[in-house]
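Accompanying notes for the structure given below.
The values are calculated or read from the model by the stated rules, or taken from the named source; none is laboratory data. Predicted model, so just to flag it, every value in this text is computed and none were measured. All Cβ positions, glycine included, derive from the backbone under ideal geometry; neighbour counts span all protein chains shown. Keep in mind that these areas ignore ligands, DNA and RNA; they rest on the heavy atoms of the full protein, side chains included. Shrake-Rupley method; radii C 1.70, N 1.55, O 1.52, S 1.80 Å.
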Amino acid sequence: LIFLCLGALTDFGPTMANIRTLLLGGAAQFGVYFAFFMALLCGFNIPEACSIGIIGGAEGPTTIYVTSILAPQIIGSTAVACYTYMALVPIIQPPIIRLLTSEKERAIYMKPQLREVSTTEKIIFPILSTVIIILFVPMAAPLIGLMMVGNLFTTCGVTDRLSKTAQTAFIDILTIFLTLCIGATLTADNFLQPRTLLVLVLGIVAFATATAAGVLMAKLMNLFLKEKINPMIGAAGVSAVPMSARVVQIMGQKANPRNFLLMHAMGPNVAGAIGAAIAGGVFLGMVG
């Protein structure tokens, strides 16, 4: 249900305006699978490793949904890790971006104006995406389906009341219930364990590798593009909407005051949210 509300709050326009940004959102999911294998090496079983890996998708509801099905015994740890690192995006991402890019690359100018996306495109995109994703990853249907329905509330133009309710009162109610329920799992005997610290460490590994993968994919794409993209927007492929996009915007302005990268970064940012839901569906299909 939270995905229904997130869909109503999401504008797929920046992603549709530059469809190549889907690649950046997809590349950032590397952090999910890297953390999954790291968790296996650290002694977690496969369902637990899936639940830890999905932290790298930087999508709280996806993390909670997957963990509640596969490894409910660590849901408190994964939820705390995911939301903690989402809040720490402005601290985690800049050093990684600076490490992987030069000053010249960070200063690459991108025209601030994106292609105008028509209402018809905005309606077709969620429907087509839902059909294609569910055909390939059936277990992602609850997440993707509800996200796209919520988005249609906003884009179709005939359900204004539903859209406003999903964007305000409904998501507030759901958030209260969700946090209370997660809090109820954080009992001392369940949470105060060495394994919890390990989950937190693997969570930051997932975030860091997802950021790095997005930036490196952008640099790889630049080898084949005539009009170069600023590789920093790849870091926004870590979902964390819109915090990671804001980090890119701030760093872009520092490197080149003419740069306004926010809307360019929102493309991979939104693509990352879709990618996280798909990754969750992949894990559920493999293990659930």
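If R₀ is 51 angstrom, what is the calculated FRET efficiency for the pair residue 116 and residue 191, using the beta carbon separation as r and rounding to 0.05?
Numbers: r = 49 Å, r/R0 = 0.96.
Efficiency at R0 = 51 Å is approximately 0.55.
Which one of 100, 49, 77 has its Cα pushed farthest toward the positive end of the charge dipole of the chain, where Lys and Arg give +1 and Asp and Glu give -1 at the Cβ?
Farthest towards the positive pole: 100.
Please get the size of the charge dipole for the chain, origin at its Cα centre, with Cβ charges of +1 on Lys and Arg and -1 on Asp and Glu, quoted in debye to the nearest 20.
Values: 16 positive and 11 negative charges, 175 e Å.
That gives the chain a dipole magnitude of about 840 debye.
Say the dipole of the chain comes from +1 at the beta carbon of Lys and Arg and -1 at that of Asp and Glu; which of 260, 281, 247 then lies farthest toward its positive end?
Sorting the options by dipole projection puts first 260.
Rounded to two decimals, what is the ratio between the C-alpha radius of gyration of the chain and 2.2 N^0.38 Å? Don't skip to the end; give the middle numbers.
Details: Rg = 18.4 Å, N = 288, 2.2 N^0.38 = 18.9 Å.
For the chain, the normalised Cα radius of gyration comes out at 0.97.
Within the stretch 74-192, what whole-number % of the accessible surface is contributed by carbon and sulfur, with the 1.4 Å probe and all protein chains included in the calculation? Write out the running numbers ahead of the final one.
Numbers: 4940 of 6930 Å².
After summing per-atom areas, the C and S share lands at 71 percent.
When only the heavy atoms of the protein chains count and the probe is 1.4 Å, how do 131, 32 rank by accessible area, highest first?
Working: 131 80, 32 0 Å².
Descending order: 131, 32.
Can you work out the Karplus-derived ³J(HN,Hα) for every residue in the stretch 163-169? Use 6.51 cos²θ - 1.76 cosθ + 1.60 with θ = phi - 60°, whole Hz, and x for glycine or proline.
Listing the rounded values in order: 4, 5, 5, 5, 7, 10, 4 Hz.
Sorted by accessible area (1.4 Å probe), largest first, how do 103, 116, 48, 121 line up? All intermediate terms of the calculation are to be shown ahead of the outcome.
On the way: 103 105, 116 160, 48 15, 121 65 Å².
Per-residue accessible area, sorted high to low, gives 116, 103, 121, 48.
Which ³J(HN,Hα) values in Hz, rounded to whole numbers, follow from the phi angles of the stretch 100-113 under the Karplus curve 6.51 cos²θ - 1.76 cosθ + 1.60, where θ = phi - 60° and Gly and Pro get x?
Result, rounded to whole Hz: 9, 10, 8, 4, 5, 5, 5, 8, 4, 8, 10, 4, x, 7.
Find which of 67, 118, 154 sits farthest along the positive direction of the dipole of the stretch 44-177, computed with +1 on the beta-carbon of Lys and Arg, -1 on that of Asp and Glu, about the Cα centre.
The residue sitting most towards the positive pole is 118.
Please list the three semi-axes, largest first and in whole Å, of the ellipsoid equivalent to the stretch 182-284, using sqrt of 5 times the eigenvalues of its alpha carbon gyration tensor. Walk me through the intermediate numbers first.
Numbers: eigenvalues 210, 48, 32 Å².
Those come to 32, 15, 13 Å.
In whole Å, what is the distance between the alpha-carbon centres of the stretch 173-187 and the stretch 49-90?
A separation of 14 Å, based on Cα centres.
With a 1.4 Å probe and every protein chain left in place, tell me how much accessible area residue 160 has, in Å² to the nearest 10.
Its heavy atoms expose roughly 90 Å² to the probe.
When only alpha-carbon atoms count, how far does the stretch 150-232 stretch along each of its three principal axes, as whole angstroms with the largest first?
The principal-axis extents, from largest down, are 54, 50, 13 Å.
Suppose all protein chains stay in the model; what accessible area per residue would a 1.4 Å probe give for the chain, in Å²? List each step's numbers first, then the result.
On the way: 12980 Å² over 288 residues.
Accessible area per residue: 45 Å².
What residues qualify as long-range amide H neighbours of residue 159, i.e. H under 5 Å apart, gap of 5 or more or another chain, H built at 1.01 Å from N?
none
At a 1.4 Å probe, what is the % contribution of carbon and sulfur to the accessible area of the stretch 199-244? Don't skip to the answer; put the middle values down first.
Details: 1220 of 1590 Å².
Within the stretch 199-244, the accessible surface is 77 percent carbon and sulfur.
How large is the convex hull of the Cα atoms of the stretch 24-160 per residue, expressed in Å³ as a whole number?
Numbers: hull volume 22.3 nm³, N = 137.
Each residue corresponds to 163 Å³ of Cα convex hull volume.
Residues with beta-carbon under 13 Å from that of residue 229, excluding residue 229: net charge, scoring Lys, Arg +1 and Asp, Glu -1?
+4
What does the charge count near residue 27 come to, summing +1 for each Lys or Arg and -1 for each Asp or Glu among other residues with Cβ under 15 Å from its Cβ? Numbers along the way, then the final one.
On the way: positive: 20, 219; negative: none.
After counting each charged neighbour, the total is +2.
Suppose a student asked you for the relative contact order of the chain, using Cα pairs under 8 Å spaced at least 6 residues apart; what percent would you report? Don't jump to the answer; show the numbers that get you there.
On the way: 536 pairs, mean separation 111.3, N = 288.
Across the chain, relative contact order equals 39 percent.
Of the residues 34, 170, 224, which exhibits the maximal mean-square fluctuation in a Gaussian network model of the chain defined by a 10 Å Cα contact cut-off?
Greatest mean-square fluctuation among the candidates belongs to 224.
Of the candidates 126, 72, 112, which one comes out as most mobile in a Gaussian network treatment of the chain with C-alpha springs shorter than 10 Å?
Among 126, 72, 112, the largest GNM mean-square fluctuation belongs to 112.
Find the Cα radius of gyration of the stretch 116-198, compare it with 2.2 N^0.38 Å by division, and give the number to two decimals. Write out the running numbers ahead of the final one.
Details: Rg = 18.3 Å, N = 83, 2.2 N^0.38 = 11.8 Å.
In units of the 2.2 N^0.38 Å rule of thumb, it is 1.55.
Starting from one equal scatterer on each C-alpha and no solvent at all, send me the Debye-based log10 I(q)/I(0) for the stretch 197-254 at q = 0.16, 0.27 Å⁻¹, two decimals.
Each listed q corresponds, in turn, to -0.54, -1.06.
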